[in-house]
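Scroll down for the structure; my scribbles are underneath it.
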């Protein structure tokens with residue numbers, strides 16, 4: 001009996017599985033664990049030295065530190081995470097269609113020759129009733145999507161071109177002047193301001209992700225009979241979500257750090273709590289809040305890096321360098337002698353080789 005050869009899809013799955021295993025080894029390599037351990041030791045030593053020199057009161061820090069996260073539901077750390085996660089989820093849902101509009105603007109602003117059927121040709125193919133529906137629907141769609149594209153572009157540029165501090169105060173005065181005072185009103189202001197900010201940035205992230213998918217794959221999907229919606233759901237969206245894993249993780253981290261600004265309007269998150277307990281011990285309070293941010297961001301960044309390495313598609317996007325490559329550069333493989341010489345040296349080697357064989361013919 002003739003054996004059936006392994007298909008191309010199985011080979012791709014094996015490569016992705018091997019890449020995931022290698023990424024797991026790279027992420028939890030003993031060097032990474034040792035670097036994390038060294039970082040914790042360095043932070044502890046710095047705090048210890050500051051305590052010995054009298055810069056900070058270590059006893060005060062040990063006494064007040066649990067108040068940052070105990071009880072967790074009512075703690076400043078919990079509120080900071082809520083102020084970050086809820087706007088991020090809202091931005092994720094809203095930014096996907098906005099990113100689609102910005103990514104496929106060429107199909108809205110101009111038409112390529114040969115792609116649009118005239119009304120007469122449509123009538124010949126489908127009949128008058130269906131021709132009217134198709135032509136009217138196409139024109140109505142463009143009439144709706146073009147203004148939406150302009151609004152989305154203006155919104156993204158406006159958000160990215162103004163500081164979050166200014167955006168927060170605009171949202172604050174709009175809500176305060178139009179909504180009656182009630183509990184959690186300042187938290188609502190912070191969530192709305194952060195959500196409006198992250199929508200603009202995530203829309204640009206998704207635009208870049210959608211445009212990073214190769215046009216050849218889209219054309220191949222059209223060749224096998226797939227339509228626009230099916231192509232987006234089964235070809236463009238899955239690949240773009242893998243490509244934007246790292247930028248979205250960085251956006252969440254940036255949003256967590258931006259949530260410290262809402263402490264100005266009275267939201268009792270980490271920064272505001274540090275201001276409260278910092279009377280008489282300002283250095284200790286802000287050292288503690290810095291350590292709290294590091295305790296959340298550093299492990300999360302490692303998890304995001306691991307997910308990006310595991311979920312990335314081989315050959316798509318930018319190759320992920322290892323830790324050694326980021327620190328010491330890319331090493332050439334042994335025996336790659338030609339890569340070690342410059343252009344002039346390679347020219348001299350070519351002339352010598354031609355002289356050995358008797359010169360030019």
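The values are calculated or read from the model by the stated rules, or taken from the named source; none is laboratory data. Every value quoted in this text rests on a predicted model; they were computed, and no experiment measured them. Every residue, glycine among them, receives a Cβ derived from its backbone with ideal geometry; neighbour counts consider all protein chains shown.
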Of all residues making up region 152-185, the number that are more than 23 Å from residue 201 (Cβ to Cβ) and either in contact (Cβ under 8 Å) with a residue 40 or more places away in the chain or part of a loop (DSSP other than H, G, I, E, B) (or both):
6
Residues to consider are 91, 59, 48; find the one that is within 30 Å of residue 159 (Cα to Cα), assigned to a helix (DSSP H, G or I) and at pLDDT 90 or above.
91
Within region 283-290, does at least one residue satisfy the condition of being closer than 19 Å to residue 82 by Cβ and in contact with a helix residue (DSSP H, G or I) (Cβ under 8 Å, 6 or more places away or on another chain)?
yes
Which condition from (1) in contact (Cβ under 8 Å) with a residue 60 or more places away in the chain; (2) exposed (fewer than 13 other Cβ atoms within 10 Å of the Cβ) is the one that residue 223 breaks?
(1)
Can residue 264 be described as under 29 Å from residue 299 (Cα atoms), in contact (Cβ under 8 Å) with a residue 60 or more places away in the chain and either part of a helix (DSSP H, G or I) or over 12 Å from the mean Cα position of the chain (by Cα) (or both)?
yes
Residue by residue through region 181-220, note down the ones that are surrounded by 19 or more Cβ atoms within 10 Å (Cβ to Cβ) and farther than 28 Å from residue 262 by Cβ.
209, 210, 213
